[in-house]
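Trainee: Pasting a structure below so you can have a look.
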Amino acid sequence: MASRSRNAAVAVAGFCAFLNLYSPQALLPTLAHEFGAGAAEISSIMTASTLAIAITAPFTGALADLLGRKRVITAAMLAVVVPMIGAAFAGDVASLVLWRFLQGMLLPPIFAVTVAYIGDEWPPGEVAGAAGIYVAGSSVGGFCGRLVPGVLADLAGWRSAFLALAILTMIAAVVVAWLLPREKQFVRSEGLAASARQMLRHLKNPQLVATYAIGFGVLFNFIAVFTYVSFHLAGEPFRFSSSMLGATHGARRSRP
């Protein structure tokens with residue numbers, strides 16, 4: 001039972017992180033029309049969140065090494081609700097960019113620390129399986145992050161769609177707080193400075209640097225294509241609605 005609860009909790013954590021990350025992608029043409037913005041300007045709301053992730057992710061591990069895994073994961077999941085609500089009430093593109101940047105800052109404490117939690121708490125022979133469950137949850141989150149806002153935007157407007165995602169995120173946070181056990185193998189670091197030095201040592205490992213480069217290349221192309229294809233499909237001759245954009249993105253996201 002405990003093992004199933006842990007597996008469910010890490011899947012929900014991955015779901016929550018990517019639900020929030022990709023939430024505006026199917027709505028970009030609608031938001032551009034709403035605020036009278038061009039494709040490049042409105043797409044900055046995607047850039048803001050990914051930039052914030054790039055800035056904060058390297059330091060998230062140092063914070064989790066000091067405060068503990070579960071505490072950081074659950075606190076971030078609760079906190080990420082706030083910028084989602086803020087985005088729902090944004091009055092201009094600049095406000096959306098700000099809220100999305102703040103949201104991006106809170107996502108690495110969810111997905112990066114969850115991976116660290118899996119590595120610490122599962123027996124070595126079960127780590128790959130647990131990581132697979134986490135990736136499955138992340139994929140479903142990415143799918144729903146496009147599909148759910150697209151459908152809700154057509155039914156009730158994009159602001160209602162964002163508020164619905166905030167509620168869904170709050171529920172996910174409560175589920176993780178309930179199901180995820182406190183870490184047992186965690187060893188607290190000597191401080192932020194010690195953790196930061198250990199993190200910087202990773203940059204001296206050529207294998208790790210090569211892995212970072214692969215991640216950069218994949219996501220650079222992945223996010224760029226998924227962001228700008230929305231404008232192409234929303235225009236002539238396709239004229240896709242937000243629901244159709246969300247379904248199209250979701251289908252592509254769910255492929256291996």
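Each row is one residue, and each column tells you yes or no for (1) under 24 Å from the mean Cα position of the chain (by Cα); (2) modelled with pLDDT of 85 or more; (3) β-branched (Val, Ile, Thr).
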residue	(1), (2), (3)
Met170	yes, yes, no
Val176	yes, yes, yes
Glu190	no, no, no
Gly215	yes, no, no
Leu219	yes, no, no
Phe238	no, yes, no
Ser242	yes, yes, no
Leu245	yes, yes, no
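Trainee: Now a separate question. Return the residues of region 17-37 that are in contact (Cβ under 8 Å) with a residue 12 or more places away in the chain and not in a helix (DSSP H, G or I); say none if nothing qualifies.
Mentor: Just the residues of region 17-37 that are in contact (Cβ under 8 Å) with a residue 12 or more places away in the chain, to begin with: 17-32, 34-35, 37.
Selection gives Tyr22, Ser23, Pro24, Ala37.
Trainee: Give me the residue from region 1-32 that is of a type in the set (Ser, Thr, Tyr) and closer than 16 Å to Ala161 by Cβ and, out of that set, nearest to the chain's Cα centre (by Cα). Break it down into steps so the answer makes sense when it comes.
Mentor: Step one: filter region 1-32 for residues of a type in the set (Ser, Thr, Tyr), giving 3, 5, 22-23, 30.
Adding the requirement that they be closer than 16 Å to Ala161 by Cβ leaves 22-23, 30.
Numbers: Tyr22: 7, Ser23: 9, Thr30: 21 Å.
The selected residue is Tyr22.
Trainee: Go through Ala64, Ala76, Ala40 for me and flag whichever is buried (at least 23 other Cβ atoms within 10 Å of the Cβ), in a helix (DSSP H, G or I) and over 17 Å from the mean Cα position of the chain (by Cα).
Mentor: Numbers: Ala76 fails: over 17 Å from the mean Cα position of the chain (by Cα); Ala40 fails: buried (at least 23 other Cβ atoms within 10 Å of the Cβ).
Answer to the selection: Ala64.
Trainee: So which of Arg201, Arg159, Arg146 ends up being of a type in the set (Lys, Arg), modelled with pLDDT under 95 and out of contact with any His (no Cβ under 9 Å at 6 or more places or on another chain)?
Mentor: Checking each option against the conditions leaves just Arg201.
Trainee: With respect to Phe35, determine if the residue is within 12 Å of the chain's Cα centre (by Cα), farther than 30 Å from Leu203 by Cβ and open to solvent by 10 Å² or more (accessible area, probe 1.4 Å).
Mentor: Criteria not met by Phe35.
Trainee: Here's a follow-up. Can you work out which of the residues in region 88-107 that are part of a helix (DSSP H, G or I) and more than 16 Å from Ala17 (Cα to Cα) is most open to solvent (accessible area, probe 1.4 Å)?
Mentor: Leu98
Trainee: Within region 8-16, does at least one residue satisfy the condition of being closer than 21 Å to Ala153 by Cβ and in a helix (DSSP H, G or I)?
Mentor: yes
Trainee: Return yes or no: is Ala48 farther than 21 Å from Ser242 by Cα, part of a helix (DSSP H, G or I) and touching a Phe, Trp or Tyr at 6+ places or on another chain (Cβ under 7 Å)?
Mentor: Yes; evaluated as a whole, the condition is true for this residue.
Trainee: Among the residues of region 165-181, is any over 20 Å from Lys70 (Cα atoms), among the aliphatic types (A, V, I, L, M) and open to solvent by less than 50 Å² (accessible area, probe 1.4 Å)?
Mentor: yes
Trainee: If you check Ile53, Ile85, Ile45, which single one turns out to be more than 25 Å from Gly157 (Cα to Cα) and either surrounded by fewer than 23 Cβ atoms within 10 Å (Cβ to Cβ) or of a type outside the set (Phe, Trp, Tyr) (or both)?
Mentor: After applying the criteria, what remains is Ile53.
Trainee: Report whether or not Phe111 is at pLDDT 95 or above, at negative phi and not basic (Lys, Arg).
Mentor: no
Trainee: Residue by residue through region 221-236, note down the ones that are under 16 Å from Gly38 (Cα atoms) and either open to solvent by 90 Å² or more (accessible area, probe 1.4 Å) or at pLDDT 90 or above (or both).
Mentor: Tyr228, His232
Trainee: Report, by residue number, each residue of region 22-32 that is open to solvent by 10 Å² or more (accessible area, probe 1.4 Å) and not β-branched (Val, Ile, Thr).
Mentor: Across region 22-32, the qualifying residues are Pro29, Ala32.
Trainee: Has region 1-15 got any residue that is charged (D, E, K, R) and more than 30 Å from Leu180 (Cα to Cα)?
Mentor: Filtering region 1-15 down to residues charged (D, E, K, R) leaves 4, 6.
After this cut, where a residue has to be more than 30 Å from Leu180 (Cα to Cα) as well, the list is none.
The answer is no; no qualifying residue exists.
The values are calculated or read from the model by the stated rules, or taken from the named source; none is laboratory data. Note that this is a predicted model, so its numbers are computed, not measured. Quick reminder, even Gly has a Cβ in these numbers, built from the backbone with ideal geometry, and neighbours come from all protein chains shown. Only protein heavy atoms, including side chains, enter the accessible area calculation; ligands, DNA and RNA are left aside. Shrake-Rupley method; radii C 1.70, N 1.55, O 1.52, S 1.80 Å.
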